[in-house]
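Notes to accompany the following structure.
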Amino acid sequence: MSAESLREKIREIPDFPKPGILFYDITTLLKDPAAYKEAIDLMLEPYKDEHIDIVVGMESRGFIFSSPMAYQLDAGLVPVRKLGKLPAETITVEYALEYGSNTLEIHRDAVQPGQKVLIVDDLLATGGTVKGTIELIERLKGEVVGLGFLVELGFLKGRDRLEGRRVTSVIQY
């Protein structure tokens, strides 16, 4: 199965969550066992020969991909969550959205200095959420070695906001 055949598994829903937005629904890809496995394999490919200590999954669809990737890489799994979801001591970062702001948090002890970190999410759009996640990892003195996505919306120029970073994506729109 190729990236193009995976793209065909993604349902496009116009005017969701608001008029003028075309939503790329990955649930139709996820329910297909072969497509889901191939998506994970293709997301892993650029990193399979690297030493990764921690895979960071971004809430919430990032967890769908980061968990099996951490397992395959023999790495730990760390969630980055929205404010108020983690029980122990956290550090937070606020980041801008098109219509306001949001706050992300990570446990203060989630990443040790010098650990090699792969950040994973389902979608790269404007890059705001991943930039906030990078800031959290770097404040904990982790080394971000890559940013892996299933889908990249190139027309939103998120990659440009991540200049100098290793960004990989399987499907581009």
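The values are calculated or read from the model by the stated rules, or taken from the named source; none is laboratory data. Everything quoted here is computed from the prediction, not taken from an experiment. So basically every Cβ, Gly included, is an ideal-geometry build from the backbone, and we count neighbours across all protein chains shown.
Taking the condition closer than 29 Å to LEU29 by Cα, in contact (Cβ under 8 Å) with a residue 12 or more places away in the chain and hydroxyl-bearing (Ser, Thr, Tyr), does THR90 pass? It is false that THR90 is closer than 29 Å to LEU29 by Cα, in contact (Cβ under 8 Å) with a residue 12 or more places away in the chain and hydroxyl-bearing (Ser, Thr, Tyr). Among the residues of the range 58-67, those identified as in contact (Cβ under 8 Å) with a residue 40 or more places away in the chain and not in a loop (DSSP other than H, G, I, E, B) are MET58, GLY62, ILE64, PHE65, SER66.
State whether one or more residues within the range 146-161 are under 26 Å from GLU4 (Cα atoms) and of a type in the set (Val, Ile, Thr). Yes.
Whenever a residue of the range 104-119 is more than 18 Å from GLY62 (Cβ to Cβ), its partners that are of a type in the set (Ser, Thr, Tyr), lying with C-beta atoms within less than 8 angstrom and at least six residues away or across chains, give the pairs ARG108/THR90. A search for C-beta distances below 8 Å between a residue of the range 127-138 that is in contact (Cβ under 8 Å) with a residue 60 or more places away in the chain and any residue that is part of a loop (DSSP other than H, G, I, E, B), counting only pairs 6+ apart in sequence or on different chains, returns VAL130/GLY158; ILE137/VAL111.
Would you call VAL55 in contact (Cβ under 8 Å) with a residue 60 or more places away in the chain, β-branched (Val, Ile, Thr), in contact with a helix residue (DSSP H, G or I) (Cβ under 7 Å, 6 or more places away or on another chain) and buried (at least 19 other Cβ atoms within 10 Å of the Cβ)?
Here the answer is yes, as VAL55 does meet what is asked.
Residues of the range 60-101 that are more than 26 Å from MET43 (Cα to Cα) and of a type in the set (Ser, Thr, Tyr): THR90, THR92, TYR99, SER101.
Every residue, every condition in (1) over 20 Å from THR92 (Cα atoms); (2) in contact with a strand residue (DSSP E or B) (Cβ under 8 Å, 6 or more places away or on another chain); (3) in a loop (DSSP other than H, G, I, E, B), yes or no:
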residue: VAL130; (1), (2), (3): no, yes, no
residue: THR133; (1), (2), (3): no, yes, no
residue: LEU136; (1), (2), (3): no, yes, no
residue: LYS141; (1), (2), (3): no, no, yes
residue: VAL151; (1), (2), (3): yes, yes, no
residue: ASP160; (1), (2), (3): yes, no, no
residue: THR168; (1), (2), (3): yes, yes, no
residue: ILE171; (1), (2), (3): yes, yes, no
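Return the residue satisfying two criteria in turn: it lies in the range 91-128 and is among the small types (Gly, Ala, Ser) and in a strand (DSSP E or B), and of such residues it is farthest from ARG81 (Cα to Cα).
Residue satisfying both the conditions and the ranking: GLY100.
The residues of the range 78-114 that are at pLDDT below 95, hydroxyl-bearing (Ser, Thr, Tyr) and surrounded by 14 or more Cβ atoms within 10 Å (Cβ to Cβ) amount to a single one, TYR95.
Note on the range 31-52: among residues that are more than 16 Å from the chain's Cα centre (by Cα) and in a loop (DSSP other than H, G, I, E, B), the one that is surrounded by the fewest Cβ atoms within 10 Å (Cβ to Cβ) is ASP49. Of all residues in the range 3-20, those that are free of Cβ contacts under 8 Å to residues at least 12 places away in the same chain and either surrounded by 11 or more Cβ atoms within 10 Å (Cβ to Cβ) or in contact with a Pro (Cβ under 7 Å, 6 or more places away or on another chain) (or both) total 2.
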